[in-house]
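Below is one structure; the comments refer to it alone.
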Amino acid sequence: MSLRKILIQGDPALTKTCRPVEKFDQKLHWLLDDLKETLENAGGVGLAAPQIGILRRVVVVEDENEQMIELVNPVIVDQSGEQEGWEGCLSVPNQYGWVNRPNFVTVRAQDREGKFFEVSGEELVARCFCHELEHLDGHLFVEHTGELYTPDEIDAMEAEEEKGK
Ligand code: NI
């Protein structure tokens, strides 16, 4: 396993449509292990293969119990409800936007051996499924929001709102 460099917005790899995985071999297992190690090291909740320059449909997402879910060739098969909240991305460092997402999302994917399974998530996990899967088609969360803010700016805005109450 090794730590990979996370690509930053502006890198062309982040705008590409990724190809499906066809071989569930050692190379895929290394990719999944590297994604997990890189995500853990970065302290994020999800990471997609194109973010480390690999144009394959592979993502890892942390669930509500902080367990990593490996998703190969994932597709959203069901979604419902609505949530709104701050969202960020390891490829857009220190910038957050207010983004609406479905509150419940079910994904169908394959595991590292190629076996199909379904997994459902709500709230942050549902948000993360949507966010990571979009990376596989070259999209970033910034497309869903008007303005981006730093954590300091968000703190200041929230303090301002508190005062108004
Ligand atoms: Ni992201």
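Please indicate, with yes or no, whether at least one residue in the stretch 55-64 is over 26 Å from ASP11 (Cα atoms) and either touching a Leu at 6+ places or on another chain (Cβ under 7 Å) or more than 16 Å from the ligand (Cβ to nearest atom) (or both).
Here is the first cut: in the stretch 55-64, the ones over 26 Å from ASP11 (Cα atoms) are 63-64.
Now drop any that are not either touching a Leu at 6+ places or on another chain (Cβ under 7 Å) or more than 16 Å from the ligand (Cβ to nearest atom) (or both), which leaves 63-64.
Yes: one or more hits.
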Notebook entry, point to check: Only one of (1) farther than 30 Å from ARG56 by Cβ; (2) in a helix (DSSP H, G or I) fails for GLY146. Which number is that?
Noted result: (2)
Check: Here is a list of conditions, (1) out of contact with any Gly (no Cβ under 7 Å at 6 or more places or on another chain); (2) within 16 Å of the ligand (Cβ to nearest atom); (3) assigned to a strand (DSSP E or B), and GLN79 meets all of them except one; can you say which number that is?
Finding: (2)
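Scan the stretch 82-103 for residues that are surrounded by fewer than 17 Cβ atoms within 10 Å (Cβ to Cβ) and assigned to a strand (DSSP E or B) and jot them down.
Let us first name the residues in the stretch 82-103 that are surrounded by fewer than 17 Cβ atoms within 10 Å (Cβ to Cβ), namely 82-86, 93-94, 98, 100, 103.
Result: GLN83, GLU84, GLY85, TRP86, PRO93, ASN94, TRP98, ASN100.
Computed from the coordinates by the stated procedures, all read-outs in this text should not be read as laboratory data. Just so it is clear, the model here is predicted, and its values are computed rather than measured. All Cβ positions, even for glycine, are placed from backbone atoms using ideal geometry, and neighbour counts span all protein chains on display.
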